[in-house]
1. Can you check what the net charge comes to around W15, using other residues whose Cβ is under 12 Å from the Cβ of W15 (Lys, Arg +1; Asp, Glu -1)?
2. Report, ordered by chain and residue number, the lysines lying within cross-link reach of K12, taken as a straight Cα distance under 27 Å and ignoring same-chain residues fewer than 8 apart.
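Derivation of every value follows stated rules applied to the coordinates shown; laboratory data play no part. This structure is a prediction, so every number in the text was calculated from the model and none was measured. With ideal geometry, Cβ positions are generated from the backbone for all residues, glycine too; neighbour counts draw on all protein chains shown.
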Amino acid sequence: MALDMEEKTRNKALWDLASKDGIALGMLSVACLALKQLLSGWEGGASNLVGALVWAIQFFGAIFLLRAFMKKFTEGNDEATTLDTYMLGKRICLFSSLILAVATTALVVYYPDNLLTRQFNMMMEQYSSMMDAASRETLAGTTLSDSPGVIFFSQFIYAYVYGLVLSAILSRRIPGPKTNPQ
């Protein structure tokens, strides 16, 4: 019984740590999303350069932050296994993905002239010639804000799967005091 209680306490501590780290990781992604939105009105080559820089900050910053959180966990926990490190990363990415999905959905629903809507409309124009008349008629007048659930879940699934893969890779590369029992 004592072992069961000890495991519950450890699991609760892992969720607590993951929620705090997930908020930080999610806020990095939200900040980059907001910056991309602010820069979307810029014209010319500077816009492309700054957009690429923001993308790199978001991509590599997420990897760096997740790795730092996972490494800090293993350094501060003598009992940490590779599985524990992966579980922490997975949970961090769960919280981060939820935050990013909410922010993306709010951007599309509450900010009518946003970057994502403009990209969606541009894509619809480019590919409409490849669609039959019935498909074009069905999609005519469709906007991203008409389907917030689709936006939320597609962004959440994309971000979470990316986080799962990243967590699996990073957890194997972060040296911990113990390895998983075989």
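1. Every neighbour counted, the sum reads +4.
2. K20, K71, K72, K90, K178
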